[in-house]
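Inspection log for the structure reproduced underneath, given as structure tokens.
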Amino acid sequence: LFWSGSTVAATMAEWSGLHSSTSRHTMDKSITLPPDEIFRNLENAKRFAIDIGGSLTKLAYYSTVQHKVAKVRSFDHATKATSDELYEISVQEEVTARLHFIKFENAYIETCLDFVRDHLVNTDTKVIKATGGGAHKFKELIERKLGLRVDKEDEMTCLIKGCNFVLRNIPHEAFVYAKHADSEFRFQTTQPDIFPYLLVNIGSGVSIVKVESEDKFERIGGSSIGGGTFWGLGALLTKTKRFDELLQLASKGQHTSVDMLVKDIYGGSYGSLGLTGDLIASSFGKSATADKGFPKEDMAKSLLHMISNDIGQLACLYAKLHNLSRVYFGGFFIRGHPVTMHTITYSINFFTKGEVQALFLRHEGYLGAIGAFLKGAEEDNPNQYSWGENYAGSSGLMSVSPDMNPMQRARSGTFDMLEMDRLERKLVNLPLLQDASSYIPDTVDLAEDALAREYWLYCFEEALDGVVKRALASQPDMPEAAERAEKFRQKYRHKLQTLRHQPFAYGSLTVRSLLDTREHCLNEFNFPDPYSKIKQRENDMALKYYQKVVKSLEELSWEERQFALIRGVLAGNVFDWGAKAVSDVLESEPEFGFEQAKRKLEERPWLVDSYDQWFERLKGPPHKCALFFVDNSGLDIILGVMPFVRELLSRGTEVVLASNSAPALNDVTNGELQILTESIAAMDPVIQAGLREDRLTLVQSGSSSPCLDLSRLDKVLAMVVRERKTDLVIIEGMGRAIHTNYYAMLSCESLKMAVIKNSWLADRLGGKLFSVVFKYEVPAAGHDSEALTPP
Amino acid sequence: MKLLAVIETSAPLSSLYHIMPSFPWFGMDIGGTLVKLVYFEPKDITAEEEQEEVENLKSIRRYLTSNTAYGKTGIRDVHLELQDLTLCGRTGNLHFIRFPTHDLPAFLQMGRNKHFSSLHTTLCATGGGAYKFESDFRTMADLQLHKLDELDCLIRGVLYIDSVVSSGPSECYYFENPTDPDRCIQKPYTLENPYPLLLVNIGSGVSILAVYSETNYKRVTGTSLGGGTFLGLCCLLTGCSTFEEALEMASQGESTRVDKLVRDIYGGNYERFGLPGWAVASSFGNMMSKDKRESVSKEDLARATLVTITNNIGSITRMCALNENIERVVFVGNFLRVNTLSMKLLAYAMDYWSKGQLKALFLQHEGYFGAVGALLELLHPA
């Protein structure tokens, strides 16, 4: 391939011809990853930062992205008379903020700067923040090429700023590396408080930094034995010049021929101290007495162990002295190299006997650039927002690993990207989580469960054609939609392929991450809401039945009604375009009705059935306030959820309906729910009173996923939950209550309801298609009171 | 905990020897690189005794005391000899002898030639080699080793030697003004009330012990970057073959050509973190560059290796001292033999980085304490 095979000189010569219009066409063909897919959205870029390391350059910029969003708006009454539809759907342009980070080899710096300059328009940027050892060396070049003044920032400050940023904004940023485990990468859950931590940065030397808060950090120590020692000493010993090659040599070597082990001195182990025979007693201890030369590989391996062990030991001593248990490792010595992550992990385990875990970061290489960027963007106050990793625009972890996927390496070995979108809402933990620090949203980690991974990757691949079709159908009037839909297909298929080989690329691989990635890819190609029309049709249809459903419920006895309400929610939940089994049925039988759905439902006892306990609870005093995370639009929300909400309100329970902030599949969005609720209120005095008296509140969840991460919810939602002293959380649907949150422990009563609409999953859970999960949980005593105390 | 181990290992011995053991009196420490041997030469032998003394014993005594070198590699450190020492009621001189561990077969052959086994003595030995070579002692020289824990012996030896040396140069010393090369001088130190004490033994590898009393101590940690690493790397980098050669080269080299200093990166001090410009930022860091690799001398490389290993031991030690809350550090082990460079570096590092809180102490008999401890075990089973 173009980027991998040719020499740098040839590559640059070819690329420099890129901008002339005559060669562009041919260039695009030969470059698998064209530059406009690397330096994306440069037209709208501002605020540049650059981090130039020993071999890699990281460029950062901020851009405003204009993309389409689906909006709903009520028809006013005048027009409504002439239309069957309750609301109109419009696609609007919205401007959001995005951070771009691009990593490439220093050899390409000049070409990249040229490209940036040629595509930079309308920017009022005057300075570029720079950090890293190479910032000085390339200062003149940058200033000349870009015409921007280079403003240098302290390396360590940038590093820490960047580290805080990724730890706060990217779930699954940190991981533990376990070479011989089923999944090498064990991602850590986001901690509510990221401080304090220790950052061990292994560059040419080692810096050990204690970070106590956003602005308070201290270099508490360091060592001169670091990556430079490995590289420099390694080059002397093995005549191998490149760092990567040295690591490769090391991974093939045997250190036991060079090192003096405990068993070389003792003949076996040193039992009374518990030192095993294989332990290194003296690094390079055998090379003094042997007359023979040593294989390069063996010396490199010995050197690697010596340096890793030494750094690990010092890190442990500092962690112990400062009583810190979170220790992150970074720097070029670590940077995505399985070999060094393994030796450092081994060393930390050895010296702390497992008390401290070595943690690594997925975006470690970008920390300096992120920090430098943040320094320059302080007036935009990026830290006041929440940001989210854009899976569509980010390369993912280890795309450069030589062992993983040779194709992948050849393609993107040169360029690696990270994109982060500014979220419109600040995201926080649900205050009702029993223990936020141990909360894991996802039920199954597909990286560890090979069978499940196999199935779901297959499932999403199979469903792709349908999604493309649906996306296309949602924009019938746009001629270029076909092209975009095809690009979407390629992008998402490629993501699925990447994840097949590198399940760890974007953190823990879960059904949620697969769904979210799909949403990101759809948005990337301007399909903001492929289901908008379907949702609209179903909503309109369902509204027509609302009063009839309510009336028939009213006719039941109290006991019968309670059960019918639950069956109603479950029957509504059968309607789900996100589930393959159902979308097939919906596609073929559009008249598939609510009553039919009820007949599809499993009879009691359900697969998970705590209805009796719930029923007993209903006989007791009403709940103060129920928080209801709703799922699908159409029959689900209107005929299933709303009658249930109505009953809760009648009981004297306040209700907070939490719905998605932006579209995902056929899930009802906050915008849609506003309109739906108003039109239901027009028919139903109970709902109307609820709204009027502020006992029924609609809030957005802050999410645009078919699943639910209770640790990243809209700040307003969290506030409302606290204010209203919420004592019941209801989570509905497969995405929110089974793929995620099935095991979530809440500090108040909770109800998790879902119909299993996937036969594989049903099989796994020991049920069958349309099995019901009805999980009513009451926390162990002692939790409910403390959870609602403001922090 | 440690105390128990001592009692266990010595139990069979004390039941065998209720009275003074028969001559010759040896203590042996077989390390990864060097064998250390201490020999007590009785000087108060009566005429009667002399008559009874078997020829083999006489021959061994004469051989050891009349030579200062044995074979190609055995050496007696005459300057360390302790005279007029009273041990177990006997007066005599204590001799300190060393030879490379790889020459142990030659030593065993000599023992066989001199019919050492006919003396029915117990050979108290410590160090890993006491375990590794136990069967060789038995098969090649018909000798039964009494194996002892090396850390028990080390501590016993240190405390004993420090207590008996009264004349001549002080056993324990330190460097005054360690941060000022012009005024840095060696000064005697009295190791009274020595506890708690951090004892750093730098042999092929390094062990760091926190010592609270003669019998109460723990091994805090260790590092594989020790004397063996210095010599091993020097041999690979410079082609030298002995410790003395490596040290000689190091004394003539300049490590700043090999190491990357803070000032090489920041142009001066790194004020933000209080790092002085002269501090090493990356050991061997300049060797990442091909040009610089081609311009350094072997002497520079030897010096950089010495500085790297020494400073690393210094920082690990300093961290241990902080974690254990101990202010006095005694460095021992043969890495420090004739190695004033490293001792001064350690003294400097301890003082500078602890802002004067930590004191680095050294002992004249740096590498022999394990062997002395083994000898003491023969005479006074703990």
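Structural remarks
- Annotation note: of A:Lys301, A:Lys286, A:Lys296, A:Lys292, the sole residue that is basic (Lys, Arg) and free of Cβ contacts under 8 Å to residues at least 12 places away in the same chain is A:Lys292.
- Unmet requirement for B:Gly168, which otherwise passes all of (1) more than 17 Å from the chain's Cα centre (by Cα); (2) crowded, with 17+ Cβ neighbours inside 10 Å; (3) farther than 25 Å from B:Phe23 by Cβ: (2)
- Every pair of residues 6+ apart whose Cβ atoms lie under 6 Å, when the first sits in the stretch A:330-346 and is closer than 17 Å to A:Tyr197 by Cβ while the second is assigned to a loop (DSSP other than H, G, I, E, B) and of a type in the set (Gly, Ala, Ser): A:Gly331/A:Gly203
- Only one entry in A:Asp709, A:Asp694 is part of a loop (DSSP other than H, G, I, E, B) and within 23 Å of A:Pro622 (Cα to Cα), namely A:Asp694.
- Meets criteria (of a type in the set (Lys, Arg) and touching a helix residue (DSSP H, G or I) at 6+ places or on another chain (Cβ under 6 Å)) for A:Lys320: yes
- If you check B:Ser118, B:Ser163 for being surrounded by fewer than 22 Cβ atoms within 10 Å (Cβ to Cβ) and under 18 Å from B:Pro24 (Cβ atoms), only one passes: B:Ser118.
- Odd one out for B:Asp103 among (1) closer than 30 Å to B:Thr221 by Cβ; (2) within 14 Å of chain A (Cβ to nearest Cβ); (3) under 20 Å from the mean Cα position of the chain (by Cα): (1)
- Just so you know, in the stretch B:354-382 the residues that are over 20 Å from B:Tyr189 (Cβ atoms) and among the small types (Gly, Ala, Ser) include one that is surrounded by the fewest Cβ atoms within 10 Å (Cβ to Cβ), and it is B:Ala382.
- B:Thr242, sole failed condition from (1) at the interface with chain A (Cβ under 9 Å from one of its Cβ atoms); (2) closer than 18 Å to A:Gly226 by Cβ; (3) of a type in the set (S, T, N, Q): (2)
- Test: residue in the stretch B:371-379 that is closer than 30 Å to B:Gly89 by Cα and within 14 Å of chain A (Cβ to nearest Cβ): no
- Check on A:Ile730, aliphatic (A, V, I, L, M) and assigned to a helix (DSSP H, G or I): no
- Whichever residue in the stretch A:244-266 is facing chain B (nearest Cβ under 10 Å) and touching an Asp or Glu at 6+ places or on another chain (Cβ under 8 Å) and, among such residues, is nearest to B:Leu233 (Cα to Cα): A:Val258
- Test result for A:Cys163, at negative phi and within 14 Å of chain B (Cβ to nearest Cβ): no
- Single residue of A:Glu143, A:Glu184 found to be in contact with a Lys or Arg (Cβ under 8 Å, 6 or more places away or on another chain), acidic (Asp, Glu) and more than 30 Å from B:Ala304 (Cα to Cα): A:Glu143
- Checked against the criterion of being within 30 Å of A:Arg168 (Cα to Cα) and either assigned to a helix (DSSP H, G or I) or not basic (Lys, Arg) (or both), the candidates A:Asp264, A:Asp215 yield just one match: A:Asp215.
- Subset tally (residues that are more than 10 Å from chain B (Cβ to nearest Cβ) and within 22 Å of A:Cys316 (Cβ to Cβ)) for the stretch A:186-207: 12
- Every residue from the stretch A:276-290 that is within 9 Å of chain B (Cβ to nearest Cβ) and closer than 21 Å to A:Leu304 by Cβ: A:Leu279, A:Ile280, A:Ala281, A:Ser282, A:Ser283, A:Phe284, A:Gly285, A:Lys286, A:Ser287, A:Ala288, A:Ala290
- Complete set of residues in the stretch B:317-353 that are within 12 Å of another protein chain (Cβ to nearest Cβ), surrounded by fewer than 22 Cβ atoms within 10 Å (Cβ to Cβ) and not in a helix (DSSP H, G or I): B:Asn325
- Selected residue (only one of A:Leu472, A:Leu464, A:Leu432, A:Leu451 is closer than 15 Å to A:Lys495 by Cα, modelled with pLDDT of 90 or more and not polar (S, T, N, Q)): A:Leu464
- In the stretch A:218-243, residue nearest to A:Lys296 (Cα to Cα) [restricted to those that are at the interface with chain B (Cβ under 7 Å from one of its Cβ atoms), touching a residue at least 40 places away in the same chain (Cβ under 8 Å) and part of a helix (DSSP H, G or I)]: A:Leu237
- In the stretch B:259-278, the residues that are facing chain A (nearest Cβ under 8 Å) form Cβ pairs under 6 Å with partners that are among the polar types (S, T, N, Q) and not in a loop (DSSP other than H, G, I, E, B), at six or more places apart or across chains, as follows: B:Lys260/B:Ser282; B:Lys260/B:Asn286.
- Test for A:Val211: is it in contact (Cβ under 8 Å) with a residue 40 or more places away in the chain, more than 12 Å from chain B (Cβ to nearest Cβ), surrounded by 17 or more Cβ atoms within 10 Å (Cβ to Cβ) and of a type in the set (Val, Ile, Thr): yes
- So A:Arg186, is it out of contact with any helix residue (DSSP H, G or I) (no Cβ under 7 Å at 6 or more places or on another chain), without any contact (Cβ under 8 Å) to a residue 24 or more places away in the chain and under 26 Å from A:Ala436 (Cβ atoms): yes
- Yes/no for B:Ser167 being under 30 Å from A:Tyr270 (Cβ atoms) and hydroxyl-bearing (Ser, Thr, Tyr): no
A quick yes/no check of all residues on (1) modelled with pLDDT under 95; (2) over 30 Å from A:Arg604 (Cα atoms); (3) of a type in the set (D, E, K, R):
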{"position": "A:Glu693", "(1), (2), (3)": "no, yes, yes"}
{"position": "A:Thr697", "(1), (2), (3)": "no, yes, no"}
{"position": "A:Leu713", "(1), (2), (3)": "no, yes, no"}
{"position": "A:Ala718", "(1), (2), (3)": "no, yes, no"}
{"position": "A:Ala737", "(1), (2), (3)": "no, no, no"}
{"position": "A:Asn741", "(1), (2), (3)": "no, no, no"}
{"position": "A:Lys752", "(1), (2), (3)": "no, no, yes"}
{"position": "A:Tyr776", "(1), (2), (3)": "no, no, no"}
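- When A:Arg599, A:Arg651 are checked against the criterion of being farther than 30 Å from A:Glu524 by Cα and modelled with pLDDT under 95, a single residue qualifies: A:Arg599.
- The stretch A:624-635, subset surrounded by 24 or more Cβ atoms within 10 Å (Cβ to Cβ) and over 28 Å from the mean Cα position of the chain (by Cα), residue farthest from A:Asp540 (Cα to Cα): A:Ala626
- Selection within the stretch A:306-332 - facing chain B (nearest Cβ under 8 Å) and closer than 19 Å to A:Tyr346 by Cβ: A:Met306, A:Asn309, A:Asp310, A:Gln313, A:Leu314, A:Leu317, A:Tyr318, A:Lys320
- Scan of the stretch B:279-316 for residues that are more than 10 Å from chain A (Cβ to nearest Cβ) and not aliphatic (A, V, I, L, M), ordered by number: B:Asp291, B:Glu294, B:Ser295, B:Ser297, B:Lys298, B:Glu299, B:Asp300, B:Arg303, B:Thr310, B:Gly314
The values are calculated or read from the model by the stated rules, or taken from the named source; none is laboratory data. All values derive from a computational prediction rather than experimental measurement. A quick note on method: Cβ atoms are made from the backbone with ideal geometry, for glycine too, and the neighbour counts reach across all protein chains shown.
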